[in-house]
Amino acid sequence: MIQTVRGTRDILPSDMPLWHRVEAVAREAFRRYGFREIRTPIFEKTELFARGVGEATDIVHKEMYTFTDRARQGSEGESLTLRPENTASVVRAYIQHKMFADKSPGELTKLYYIGPMFRRERPQAGRYRQFYQIGVEVMGSSDDAAIEAEVMEMLDWFLKELKITNTTLLINSVGEPASRAVYLETLREAIRPNLDKLCGDCHHRFETNALRVFDCKVESCQTVVATLPTITDSLDEASRQHFEQFKAHLDARGIAYTVNPRMVRGLDYYTRTAFEIVGHDGLGAQNTLVGGGRYDGLSETIGGPPTKGFGFAFGLDRMVMALSEAEAESLRAADAPSIFIVFLGEAARAHSFVVAQQLRAAGVAVAMEFEDRKMKKAMAAADKSRATYALIVGDNEVATGKYGLKNLKTGEQESLTLDEIILRLN
RNA sequence: GCGGGUAUAGCUCAGUUGGUUAGAGCGCAAGAUUGUGGCUCUUGAGGCCGUGGGUUCGAGACCCACUACCCGCCCCA
């Protein structure tokens, strides 16, 4: 039979309550912190990602789903790409719709998005070719470190609300592009005499992105890494101060963090603040839950006005995996009807449709089967549905207008009118 | 792109050194007499044993290829 494409999957109804919960808590966080939703197209011109994300990154280099659009008369079909991330698109929209134009100096544009992204990587635990991200972008003329701190505070609330504990916030400053370039040279010079002690992957990293040598898991590489200068040592003064302020803001908010001078992030556009939140439970090797940073200058890269920016994205798939078993179970349990109608006989069946209609009109989640079954079977179905109550409708009930409302948890049963039942459930 | 593992019922898995009708638990269906679920008991349905080739008197088991999934590397959410 035809199955899902490698790396893609169906999210089935039994998991939907978990997804909805993560989304709902995120939206509530965004509401409280003044973010508004934006939706950008799922595909864009390839050039946007090539320039925005960076030609040299693995994402652009080997992971994009790129295709040529059908040619129109007299012109070539243009190259389009399924979005591998959303920051470039959001910044594009910010520029295209001139969101900066009606703002006072200092006023920020705070946006959030939620939707699927596409990367052609090898699937494994917590990594899919179509995956879902929720993210925010703060754009404007200000680069106050309080912006970063406030976003960390929001994430802190978000994770606590989802009862995802046992996470670590890692922060670092990667500096301005100029000082980073200087540091990269320093780093390469420091690595060069030790090249023979490094693994094959690190040789490759040395050529393409020397910063990534820090991430190597090979033990012999780590002994070399320990001797290398960190980016902190060569930060430009402005970035150093910005980082100090960021930490002070976090301290003032009581948010715990770990400075990791060796944490680097893969996308080209990051400047100054970079951060990750890593989880430790229920995730495989892909344990980065949230990643983000500052991207001053990205706007200019794709043809916009000078703009400061800061944002993050988290993987919805991974966030759902990080939910505790207990939390998942209680979310699933809440995804059940309030009332399951058990009817007996043809007349009661016809009457039940009307009862169901009235209950639903009053806002009650009602389930019922359409087949006339033995009461024992109907009760078993009610139990299986995890409904709070079974509503018993037989000939007696039809005649008197009083129905048996049985609480399936406690086993207690009362005889009530429809109005009384509706009142009971509200 | 590279490495390792797995593939048997709807689900989770057993299946001896190759041997005759393919197993369990859960789930599903029916029953334990009248309009009351959960627990228990009885019975039942449900399998091209991933696909294709090979070895053999005989393959779910062994060999090869392919495919899919899982885990890891690279990289990332």
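Ordering A:LEU184, A:LEU12 by accessible surface, largest first, gives A:LEU12, A:LEU184; the 1.4 Å probe counts only protein heavy atoms, with every chain in place.
Heavy-atom surface analysis with a 1.4 Å probe gives chain A a carbon and sulfur content of 50 percent of its accessible area.
Between A:LYS374 and A:ASP69, full extension at 0.36 nm per residue minus the direct alpha carbon distance yields a gain of 103.9 nm.
The slack between A:LEU12 and A:GLU28, meaning 0.36 nm per residue of separation minus the straight C-alpha distance, is 3.4 nm. Quick check: from the Cα gyration tensor, does chain A come out rounded (a/c under 1.5), prolate or oblate? Since a/c reaches 1.5 and a/b is larger than b/c, the shape of chain A is classed as prolate. Averaged per residue, chain A has 51 square angstrom of accessible surface, using a 1.4 angstrom probe with ligands and nucleic acids left out. One Cα centroid belongs to the range A:291-332, the other to the range A:264-281; the line between them spans 10 Å. Shown is the FRET efficiency for A:HIS203 and A:THR301, computed with R0 = 25 Å from the Cβ-Cβ distance and rounded to the nearest 0.05: 0.25. Per-residue ellipticity at 222 nm, computed for chain A from helices alone with -39500 (n - 2.57) per DSSP H run of at least four residues, works out to -11500 deg cm²/dmol.
Distance between the C-alpha centres of the range A:127-165 and the range A:24-53: 12 Å, rounded to the whole angstrom.
Using 1/(1 + (r/R0)^6) with R0 = 45 angstrom and r between the beta carbons of A:ALA178 and A:VAL218, what's the FRET efficiency to the nearest 0.05? After rounding, the FRET efficiency stands at 0.90. In this model, which of A:LYS62/A:LYS217; A:LYS62/A:LYS160; A:LYS110/A:LYS247; A:LYS98/A:LYS160; A:LYS62/A:LYS163; A:LYS163/A:LYS247 are farther than 29 Å apart at the alpha-carbon? Over 29 Å apart, Cα to Cα: A:LYS62/A:LYS160; A:LYS98/A:LYS160; A:LYS62/A:LYS163. Per-residue surface analysis assigns A:SER415 an accessible area of about 70 Å², computed on protein heavy atoms at 1.4 Å probe radius. Computed on the range A:282-426, with alpha-carbon pairs under 8 angstrom and 6+ residues apart, the relative contact order is 19 percent. For chain A, the relative contact order comes to 16 percent (Cα pairs under 8 Å, sequence separation of at least 6).
The values are calculated or read from the model by the stated rules, or taken from the named source; none is laboratory data. Since this is a predicted model, take the numbers as computed values, not measurements. Here the Cβ is made from the backbone with ideal geometry for all residues, glycine too, and neighbour counts use every protein chain on show. Only protein heavy atoms, including side chains, enter the accessible area calculation; ligands, DNA and RNA are left aside. Shrake-Rupley method; radii C 1.70, N 1.55, O 1.52, S 1.80 Å.
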